[in-house]
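Inspection log for the structure reproduced underneath, given as structure tokens.
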Amino acid sequence: MEQKYDIIIIGAGPSGTVTGKLCASKGLKVLILEKRPEIGAPKRCAEGLGKPDLERIGYTGKERFVTQKIDGGILITPNGGTIDLPPGPGGYILERKVFDKFLAYDAAKAGAKIYTKAHVFDLIRVGGKIAGVRLMYNGEQKDVYCKIVVAADGVESKIARIAGLPSGNTPNTIESGYQYEMANIDIADPHKLYTYLGNEIAPRGYIWIFPKGSHIANVGIGIGNCNEKTAKYYLDKWIAGNPGMSKGSIIEENSGGIPIGGFLESMTTDNFLAIGDAAHQVNPLHGGGLAEVSFSAQIAVDVINDAIKSGDTSNSALDKYNKLWWEKRGKNLKKIEKIVHMLEKVTDSELNMAQSSLSGQDIIDLTEGKTHKLIRIMLKNPRLATLVKYLK
Ligand SMILES: Cc1cc2nc3c(=O)[nH]c(=O)nc-3n(C[C@H](O)[C@H](O)[C@H](O)COP(=O)(O)OP(=O)(O)OC[C@H]3O[C@@H](n4cnc5c(N)ncnc54)[C@H](O)[C@@H]3O)c2cc1C
């Protein structure tokens, strides 16, 4: 391992490798350090990604990491009512273990150097400013220096905290996720995403079925963190009550935290920035973070490239990343965070009303932060009208 790079990226998840690829394509000398022995494994994801988001990072959908095409979804309310979600531009269920490796292949092809089993445990400071990273690699401690460190170390990011950013999570800003990949289950339409709502089955969250084939799917749950029972408890209970699911076999089991807001005003400091789950860049309504990578990596790379080329990697130069991200993504994600906090106060019988009041397109609009229709409906109901204040 060489001792000096322009950029060191901590974490070879999608945020790290997409950022690494784009930086290397600009001619920067890039090092990506991944603590796990294998990139992409274990997966902590339901593997859903929209077509435009995949195209934005340079893929067509024909690559072998795509397992299933998706053309819409079904939302199931607590009383079993359904709302058809329109297909829009469509999307895919990926095989993350293959997808993450493709991203790494392409980062390496663009010139980034990647090491696995390289665990960064500290930042090096010179004159009080971040100047590199300290890691364990092959049982040895190493110091490697750079002009900018990028923390792409995921939801449990320790590095952003070491850098001084308030990136820790509170029960309000993270959900507990649990998921089985299941085979030999019944799926009515394997090209649709299924989302089950209800405080009984998934308090402050939802259950999903993301099909990877006719009889195989990621079946998972995300719940708010204030429950006595675990996410696994609720998921097992729901599966046990559904014969079309309980007859299946579990071929993989995953768990993980899902950031649902708590966006950072500033994701930078001198010679340092955070990206992806490490910076809470996730849609708080559905927990999807992959689409966000396709926006934030491009924003970060332009700012990093300008900073390195101008020789000014101070916080004030990198602050452009904060400004652009908040303008292009953050403002809207913050609105969506308000929707999430409002929905936490809605009862199951009020959720049931959604079936007669909201169309599938209205639901899609909500996931994009558009609340006008929802507010009109809420204002007609005395109790819901009192919740409108949470959306403003
Ligand atoms: C149950 C569940 C279901 C989900 N479903 C979806 C979905 O369907 N669609 C979607 O878009 N998003 C989904 N997400 C969210 C999505 O998985 C994340 O947003 C995405 O993986 C974030 O990418 P990232 O690169 O920021 O972080 P990660 O993918 O978490 O990558 C971080 C990497 O950093 C490495 N690392 C951490 N610390 C260090 C260190 N100190 N040194 C070196 N390496 C380190 C980790 O090993 C890891 O490889 C889901 C999440 C969960 C938990």
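Taking only the Cα atoms of the chain, the radius of gyration and Dmax are 21.3, 65 Å. In this label model, residue 341 and residue 379 are separated by 2.2 nm, measuring between points 7 Å along each Cα→Cβ vector. Between residue 242 and residue 156, the distance separating the two model label sites (each 7 Å from Cα on the Cα→Cβ line) works out to 2.8 nm. Shown for the range 271-377: lysine pairs separated by 8 or more places, or found on different chains, whose C-alpha atoms are under 16 Å apart, numbering 12. Computed over protein heavy atoms with a 1.4 Å probe, the accessible surface of the range 338-391 works out to 51 Å² per residue. Protection proxy ranking of 141-150, 79-88, 333-342, by the mean of other Cβ atoms within 10 Å over each peptide's residues and highest first, is 141-150, 333-342, 79-88. The peptide list 55-64, 349-358, 4-13, put in order of mean Cβ contacts within 10 Å with the highest first, becomes 4-13, 349-358, 55-64. In this label model, residue 172 and residue 62 are separated by 4.9 nm, measuring between points 7 Å along each Cα→Cβ vector. The share of alpha-carbon pairs in the range 129-232 lying farther apart than 23 Å comes to 52%. In this structure, residue 2 and residue 265 have a Cβ-Cβ separation that, at R0 = 56 Å, corresponds to a calculated FRET efficiency of about 0.95.
What does the helix-only formula give at 222 nm for the chain: each DSSP H stretch with n ≥ 4 adding -39500 (n - 2.57), the total divided by the residues, and the result rounded to the nearest 500 deg cm²/dmol?
Helix contribution divided over all residues of the chain: -9500 deg cm²/dmol.
If the chain linking residue 361 and residue 323 were pulled fully straight, counting 0.36 nm for each residue of separation and taking away their Cα-Cα distance, it would gain 10.6 nm. With both residues required to sit in the chain, DSSP beta bridges show an antiparallel share near 75%. When both bridge partners sit in the range 1-159, DSSP labels roughly 65% of those beta bridges antiparallel.
Computed on the Cα atoms alone, the convex hull of the range 338-391 gives a volume of 71 cubic angstrom per residue.
The values are calculated or read from the model by the stated rules, or taken from the named source; none is laboratory data. Worth saying up front: this structure is predicted, and the values here are computed from it rather than measured. Neighbour counts run over all protein chains shown; Cβ positions are idealised from the backbone, glycine included. The area values use the complete protein model at the heavy-atom level, side chains included, leaving out ligands, DNA and RNA. Shrake-Rupley method; radii C 1.70, N 1.55, O 1.52, S 1.80 Å.
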